[in-house]
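Here's the structure, in structure tokens; my notes come after.
None of the figures in this text is laboratory data; all of them are computed from the coordinates on show. Source: prediction; values computed, not measured. FYI the Cβ positions are ideal-geometry reconstructions off the backbone, even for glycines, and counts take in every protein chain you see.
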Amino acid sequence: MPMTTLTIQEVNNIISEHFIKIFGNVVEHYPAAAIGILKNRPFQNSNDISVAINNFLDKLEMKEKQTILQLYPDLVAKLTDLSKFMLHIEQYQRISGADRLTIEDKQKLGELNKLYREKFGFPFITYGKEYKDVFTIFSEMETRIENNIEEEIDLAMTEVKKIGRLRICEILQR
């Protein structure tokens with residue numbers, strides 16, 4: 001069910017409690033980000049909100065960033081079970097080509113995903129609106145698994161920021 005969109009004036013005027021409820025999932029199930037940007041009001045536009053969220057995230061310690069990354073769903077695991085994936089995937093996370101995965105592809109992807117999770121301690125996060133197909137994601141995982149933990153946290157947080165920007169735009173009227 002689509003939520004009602006707000007104007008920037010409404011965003012700036014709503015009480016803090018409602019602001020936190022509305023923006024509390026811009027960063028996956030992490031209302032602390034919404035709380036952290038309240039002091040930045042009034043915002044001029046969606047970009048101001050996105051910049052405030054990004055600045056908030058950039059100031060966090062590495063351990064807190066890892067905690068945030070652990071909150072995101074494991075979409076790659078869902079890709080290995082296509083029927084479950086198709087039932088639960090959100091609009092902004094749709095991935096083309098998922099229906100072309102062979103049993104062998106799913107098995108390889110599952111193994112790679114397991115290695116990724118064991119190495120980094122959080123699910124592989126990528127921004128699906130960049131029209132990536134499942135095989136691009138596969139390749140991206142193979143490349144990113146070679147990163148060290150700090151590099152991967154930085155890359156994953158970049159993807160979190162892209163997802164957050166989309167969520168902010170979904171909340172605000174154009």
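If only the Cβ of Lys and Arg carry +1 and only the Cβ of Asp and Glu carry -1, the dipole of the chain around its Cα centre is close to 460 debye.
Projecting the Cα positions of Phe135, Val51, Ala156 onto the charge dipole of the chain (unit charges on Cβ atoms of Lys, Arg, Asp and Glu, taken about the Cα centre) puts Val51 furthest along the positive direction. Normalising by the residue count of region 1-41, find the relative contact order in percent from Cα pairs under 8 Å and 6+ residues apart. Result for region 1-41 is 28 percent.
Largest first, the extents of the alpha carbon coordinates of the chain on the three principal axes equal 53, 35, 21 Å.
Look at the Cα gyration tensor of region 102-165: its axes a ≥ b ≥ c give a/c of at least 1.5 with a/b at or below b/c, and that counts as oblate. Of the cross-linked pairs Lys39/Lys132; Lys65/Lys106; Lys114/Lys161, those separated by over 32 Å at the C-alpha level are Lys39/Lys132. Taking label positions 7 Å along the Cα-Cβ direction at both Glu111 and Glu64, the computed distance is 4.0 nm, reported to one decimal.
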